[in-house]
Ligand SMILES: Nc1nc2c(c(=O)[nH]1)N[C@H]1C(S)=C(S)[C@@H](COP(=O)(O)OP(=O)(O)OC[C@H]3O[C@@H](n4cnc5c(=O)[nH]c(N)nc54)[C@H](O)[C@@H]3O)O[C@H]1N2
Ligand SMILES: Nc1nc2c(c(=O)[nH]1)N[C@H]1C(S)=C(S)[C@@H](COP(=O)(O)OP(=O)(O)OC[C@H]3O[C@@H](n4cnc5c(=O)[nH]c(N)nc54)[C@H](O)[C@@H]3O)O[C@H]1N2
Ligand code: SF4
Ligand code: SF4
Ligand code: SF4
Ligand code: SF4
Ligand code: SF4
Ligand SMILES: [Mo]
């Protein structure tokens, strides 16, 4: 759902095909009938942006029909937990939750009964500053003196289970059909299929990707799926789970060791200017006394030691003060607007093509034009590097190159085959890749660029007495270099990330990290990737035959974080007593004799904590998690059906229409996510048009196109930008199959060839226009960028653009030049 | 004619392309071009679903067909058929039969390959192939087609396209083994209710003596642009030579008649 | 038969649509104009050699020498025509690497090589020898004597194998005409050989040639009818586009040619009959007989050439229409 797996993850999709061959039922829920749908048992076409209604309907089906996996729900979720009296639901407030204050929520009233929960990074006093703790969403904390109040019978009107029932009561099949434009029959078939293949003997998995995330309520889509999977007992069990199929080869790696502004390696929250004066205050907020985040001090101290080595000591708070501070939203779109307003001097673009790939291309180009200098490192001269001389605005005469002051430095990058390194994939699997060929000409790796840039900067600053230069000068910046171009050794960097003990030997588990400065570790969750001084990510044993690995866990292949665990929360695959829920689904269980957890995978639990373990009131950190509480990163060890904190737009998902929608919300008076991030700007107007438009990928091309539009063998496979429309819409607007059409939004007009196809036929009244977003004006195949049409309105938790659902008009013929 | 001589001890190899597993990713097309250095040929936007290439040719040795079908009697909902086509490496290969230079030959693996250093571009194999696989490359006047990766297969490696296929829609191996597997596969699909599943080209009794590269299809061959009952026309050669001889005789007779009728000169 | 999607309706296939976007199933030939011209020239050469040798035997020396001339000229035109149609002309000799009965083109190449040598030698000896005296003349005589019959014998299949050349392809309109094509081409060859000779031979001596041309032209039209009857629906290719134009031209030219030859024959007929008794046959030619004969010959030659082009072009049309490939095969499959 919200994933076109066959087209976007074809190699991974082979396993779905195999599962189907073995009798699994595969359902694809997508506005379009795609190459994925073609291989599925059932395809349901829903209106873009209506998934929460659909998922909510499933939750209702489960609860009304009593299809939940009762023991699992009672034991492993927070269903029984009582919620604060102050809490008011969307039912009571016509689409709003309690605590709404104009443009944001005060989440205090969402908390568990009688608890003042503070969250990961600085929500507390500042309230739900848009997007703060999103990535650092921690288990929160249970106040020392308090006991979580629960009603094991799940009958108390204020327990989570009853709240769920009331919240989703209105998501009836009829309302789902109306909202999503699907038939009641299809919807019911999906519900039944899902329930039939869940429970003790069976499990179901939900796969999603950016068809779900790129919405102003994207995070809540995934929350809705979590609720379903927890109710059906599909989390932490083989064949279950929620699979987020990620994007670029190592995009997972770039969140673990983030390219994001609000987190540090291992999802440690970035200190906040307003609150985090000292280390201890920061720890206060980050580390709940209970759960695995309780050891945050060890993780952070080791990180600071890795960065500042001997310069970091207990006396100086391990140089915590040297870390930069954030003061709000510094995400890419906010930054673009600031740049457009001349607030930002210089900009590095490394491995990105924002003027084509990011929403609202005109805004992106105006932003770059606002910078004084721009460094682009890429495999090709991409549109982002040449916008000043050949952008659509220049072509149309709207701007002239001589009016753009930005000084552009284009630097050739070495591609992945031209350098060593790891990819961290969707499954958190770190896989080492070795350099296959030497980079040609001036092409250099990112590692090379960053290392030598730092080296030169440090040479410049050498001897400066300035305090502000010390964080740079004191950095541990000593990597062995190798090869023709003095490339820093990628293996050495991975080893630093893994971490070392006092003796300088590589550590093998984050459980060994200490907060006394005796250990250094670049990213706590990666600790163990260099266990025993061996590059575990480079492990490539021949495929183990199914005899000794019936579940295909392949633990010997490469290395997964944390601690080579292939499935998170896998303790949930056993019942509270530690016995497999069923023989068919045995995965990890408690071995009575050995008195240890054992099984096909590395248990995601303290190996020797028995199922019977009851934590004492004063227990702290991991010890505070009971032997029957599998979700060890949550303070209460439970799976959260209801999220008392961590999200800024509600403890439960509610269906909101997209920022720009052809329909009005059939469920609530509240049309759209009230706290979505809107970024008002002259270049970012909003206006509803009659048709829904969604954007997506094709197997034949890659994202913003530089890697496929420049490759002859790929360019010829999808030679022109096109739009997909249903025969009905073609009829309505007089569009010719194979002809040209102009797609119009309040941001721009673009032209595309017309693909008239029943694959775009929607069940509902709203027609959907489909647009691949791979094209730009450079390369072997050129075309208008779909992103010129898109607005910038963001999910408030993670600031992702809503490019999966907005509105457009469409007319026959090419656009005027 | 019998099975082509796959040389002593060498079993005949080939493809079983199971289109019911194809996801239309075109990795086979690209892998083939990469491995064999086949030129690109951008043709622009074609009004044929996601297929923008015009079938097999000198510059496309694997080609993926896309067919969009509205709901039909034997299946509810849309169908989007995808099928990767390739040279069939016929048991009785018309192209090979008619090649006047011997450029086309049968390898020890039982596959049919063009020797580009011998082909003189006479073009006879082009209309001879009952599947339209062969055509002349304008740039160099010779014909090109799938070699079943002769360089790889003769070294015991899997062909590039099969290697690249993520879903094993393209299966390479000993023909005998593949035929058995294919038979089981249709059965399995039929049991699953896929009544339209059928094998194409697996029957040694057909007009070309069976394909070395055969298929499992979900509709009639012509729907994918394939001939329903292909024959190697060389099958009728004896008759045709007979007709030519008779015609030659008739010609001679005609001439004689013209001279014998009418007055004799002195 | 519904081929391909309705415009505007997108690529969606409906149940009846039994072709892949109306695209051809087989590949159209890559051959160009040289091929039909070769079909014509080869036939002309072969039949002329036959006519020449037969005339010699029959004592029609005047006619024989003219026919040898035609054969010689026509045969020398053949190799260049074939070579220039190759993708790699410099590799023409690769044809001689092998001899394959399964390849009409291989057989044809060898046949052409042999017939070419024989015809060349025979023509040279017959045309040059009488003019020269002495040793060269006798030499030519010596070569000529075995070459002439050889040329005649090889000439016959040279004129007809081309029918197999086309028939042995997957092109429906060619393959399904495999029984008629050799006869059609034989008739065409005879018609053109007779016509060519008629045109350059004094009427008094052209009798046999004229009768040959006349008869063959009529035969060619008859065989063409028979062929198209057998082709049934496939014959549609002869009823539209380029093939239709060529075919109409062929029929018109052949009819006109035959008629004119017949007319010229009626005039020349009595004259040549008298020629038997007159001293000087040349003066005996009836006024108007000659120009008519030449005109009739030209028309017939044109007709024979047009027929080759009609057949050639029909092959392309047939290959490009998926229905032509699929329908017969479906029928066959259904029958079986
Ligand atoms: N070949 C290829 N593979 C790729 C990429 C590529 O560019 N090319 N990109 C990589 C990257 S960076 C990423 S992030 C992934 C993305 O992988 P995917 O998320 O699978 O890719 P998309 O095509 O963007 O979106 C998936 C589907 O979401 C559907 N969709 C749109 N709106 C909605 C909606 O409101 N609800 C639902 N349920 N579905 C909706 C679209 O129709 C589309 O079919 O792919 C990765 N893999
Ligand atoms: N409308 C719409 N917009 C979208 C999306 C959508 O679905 N719809 N999807 C969004 C998503 S999920 C993503 S991930 C983005 C992607 O958008 P971008 O990241 O902006 O686009 P890419 O083409 O992936 O940019 C990657 C660039 O890195 C270069 N590159 C490759 N390897 C290297 C290397 O080793 N070093 C360096 N320096 N450069 C390298 C490539 O040539 C390419 O130009 O698009 C987003 N935008
Ligand atoms: S491109 Fe890489 S990540 Fe994407 S499917 Fe292929 S192998 Fe997997
Ligand atoms: S399919 Fe065509 S090219 Fe391939 S072997 Fe058969 S006849 Fe030859
Ligand atoms: S074109 Fe080449 S391969 Fe084809 S028949 Fe002629 S010589 Fe043989
Ligand atoms: S076998 Fe080799 S040559 Fe033939 S299609 Fe596959 S990759 Fe291309
Ligand atoms: S690689 Fe396999 S799945 Fe992909 S198009 Fe080719 S045959 Fe189909
Ligand atoms: Mo992505």
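Given the condition over 29 Å from the mean Cα position of the chain (by Cα) and either at pLDDT 95 or above or surrounded by 15 or more Cβ atoms within 10 Å (Cβ to Cβ) (or both), answer yes or no: does some residue in segment A:564-575 qualify? Among the residues of segment A:564-575, at least one is over 29 Å from the mean Cα position of the chain (by Cα) and either at pLDDT 95 or above or surrounded by 15 or more Cβ atoms within 10 Å (Cβ to Cβ) (or both), which makes the answer yes. When residue A:771 is tested against (1) at pLDDT 95 or above; (2) surrounded by fewer than 24 Cβ atoms within 10 Å (Cβ to Cβ); (3) away from every other protein chain (no Cβ under 12 Å), just one condition goes unmet, and that condition is (2).
Among the residues of segment B:47-76, how many are outside any strand (DSSP E or B), at the interface with chain A (Cβ under 10 Å from one of its Cβ atoms) and either surrounded by 18 or more Cβ atoms within 10 Å (Cβ to Cβ) or touching a residue at least 60 places away in the same chain (Cβ under 8 Å) (or both)? Residues flagged as outside any strand (DSSP E or B), at the interface with chain A (Cβ under 10 Å from one of its Cβ atoms) and either surrounded by 18 or more Cβ atoms within 10 Å (Cβ to Cβ) or touching a residue at least 60 places away in the same chain (Cβ under 8 Å) (or both) within segment B:47-76 amount to 8.
Residue-wise test of (1) more than 16 Å from ligand 8 (Cβ to nearest atom); (2) modelled with pLDDT of 95 or more; (3) farther than 21 Å from residue A:646 by Cα.
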| residue | (1), (2), (3) |
| --- | --- |
| A:289 | yes, no, no |
| A:309 | yes, yes, yes |
| A:327 | yes, no, no |
| A:345 | yes, yes, yes |
| A:350 | no, yes, yes |
| A:379 | yes, yes, yes |
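One line per residue, one yes/no per condition, for (1) over 23 Å from residue C:104 (Cβ atoms); (2) away from ligand 6 (no atom under 16 Å from the Cβ); (3) modelled with pLDDT of 95 or more:
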{"position": "B:83", "(1), (2), (3)": "yes, no, yes"}
{"position": "B:86", "(1), (2), (3)": "yes, no, yes"}
{"position": "B:104", "(1), (2), (3)": "no, no, yes"}
{"position": "B:123", "(1), (2), (3)": "no, yes, yes"}
{"position": "B:133", "(1), (2), (3)": "no, no, yes"}
{"position": "B:143", "(1), (2), (3)": "no, no, yes"}
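Does residue A:741 count as over 20 Å from residue A:363 (Cβ atoms), more than 24 Å from the chain's Cα centre (by Cα) and either within 16 Å of ligand 3 (Cβ to nearest atom) or crowded, with 24+ Cβ neighbours inside 10 Å (or both)? Judged against the criteria, residue A:741 is a match.
When segment B:177-208 is limited to residues that are away from ligand 7 (no atom under 16 Å from the Cβ) and in a strand (DSSP E or B), the one that is farthest from the other protein chains (Cβ to nearest Cβ) turns out to be B:199. In this structure, residue A:697 does not satisfy being under 22 Å from residue A:354 (Cβ atoms), within 14 Å of chain B (Cβ to nearest Cβ) and buried (at least 22 other Cβ atoms within 10 Å of the Cβ).
If the condition is being surrounded by 19 or more Cβ atoms within 10 Å (Cβ to Cβ) and more than 7 Å from every other protein chain (Cβ to nearest Cβ), then segment B:236-250 contributes no residue at all.
Just so you know, in segment A:176-189 the residues that are part of a helix (DSSP H, G or I) and buried (at least 17 other Cβ atoms within 10 Å of the Cβ) include one that is farthest from ligand 3 (Cβ to nearest atom), and it is A:178. Quick one: is residue B:233 facing another protein chain (nearest Cβ under 7 Å), under 30 Å from residue B:37 (Cβ atoms) and crowded, with 23+ Cβ neighbours inside 10 Å? The answer is no for residue B:233. Of everything in segment C:83-103 that is part of a helix (DSSP H, G or I) and more than 7 Å from chain B (Cβ to nearest Cβ), the residue that is farthest from residue B:245 (Cα to Cα) is C:90. Within the set B:47, B:34, the sole residue that is at pLDDT below 95 and away from ligand 2 (no atom under 16 Å from the Cβ) turns out to be B:47.
Selection within segment A:17-52: residues that are without any contact (Cβ under 8 Å) to a residue 24 or more places away in the chain and within 16 Å of ligand 3 (Cβ to nearest atom). The member of this set that is farthest from residue A:757 (Cα to Cα) is A:18. Scanning segment B:3-31 for residues being at pLDDT below 95 and in contact with a strand residue (DSSP E or B) (Cβ under 9 Å, 6 or more places away or on another chain) gives a total of 4. Set side by side, the residues B:101, B:111 differ, and just one is surrounded by 24 or more Cβ atoms within 10 Å (Cβ to Cβ) and without any contact (Cβ under 8 Å) to a residue 24 or more places away in the chain, which is B:101. Taking segment C:24-58 as the range and being modelled with pLDDT under 95 and more than 30 Å from residue C:79 (Cα to Cα) as the test, only C:58 passes.
Pairing residues of segment A:718-746 that are within 24 Å of residue B:78 (Cβ to Cβ) with residues that are part of a helix (DSSP H, G or I), at Cβ distances under 6 Å and at least 6 apart in sequence or on separate chains, gives A:724/A:760; A:725/A:760; A:726/A:760.
When segment B:148-179 is limited to residues that are surrounded by fewer than 23 Cβ atoms within 10 Å (Cβ to Cβ) and under 14 Å from residue B:107 (Cβ atoms), the one that is nearest to ligand 5 (Cβ to nearest atom) turns out to be B:150. Residue B:26 meets each of the listed conditions (1) within 14 Å of ligand 6 (Cβ to nearest atom); (2) under 18 Å from residue A:720 (Cβ atoms); (3) within 16 Å of the chain's Cα centre (by Cα) apart from (3). For segment A:495-533, filtering for residues that are free of Cβ contacts under 8 Å to residues at least 60 places away in the same chain and either assigned to a loop (DSSP other than H, G, I, E, B) or farther than 19 Å from residue A:293 by Cα (or both) leaves 18. With respect to (1) surrounded by fewer than 23 Cβ atoms within 10 Å (Cβ to Cβ); (2) within 13 Å of ligand 4 (Cβ to nearest atom), the lone exception for residue B:91 is condition (1).
In the condition set (1) under 27 Å from residue C:160 (Cβ atoms); (2) at the interface with another protein chain (Cβ under 7 Å from one of its Cβ atoms); (3) crowded, with 23+ Cβ neighbours inside 10 Å, residue B:225 is compliant with all but (1).
Only one entry of A:492, A:554 meets the criterion of being on the phi > 0 side of the Ramachandran plot and free of Cβ contacts under 8 Å to residues at least 24 places away in the same chain, and that entry is A:554.
Number of residues in segment B:59-81 that are within 16 Å of ligand 6 (Cβ to nearest atom) and within 13 Å of residue B:218 (Cβ to Cβ): the value is 1.
Counting only helices (runs of 4 or more DSSP H) that sit wholly inside segment B:83-176, those with at least 3 residues that are within 14 Å of chain C (Cβ to nearest Cβ) are B:94-98, B:125-128. Exactly one residue among A:706, A:692 is buried (at least 24 other Cβ atoms within 10 Å of the Cβ), within 16 Å of ligand 2 (Cβ to nearest atom), away from chain B (no Cβ under 14 Å) and assigned to a loop (DSSP other than H, G, I, E, B), and that residue is A:706. Taken over segment A:557-580, residues that are at positive phi and touching a residue at least 60 places away in the same chain (Cβ under 8 Å) amount to 2. Here residue A:259 fulfils each of the conditions (1) farther than 30 Å from residue A:707 by Cα; (2) within 16 Å of ligand 2 (Cβ to nearest atom) apart from (1).
The values are calculated or read from the model by the stated rules, or taken from the named source; none is laboratory data. Every value quoted in this text rests on a predicted model; they were computed, and no experiment measured them. Because the Cβ atoms are built from the backbone with ideal geometry, glycine has one as well, and the counts that use them run over all protein chains shown.
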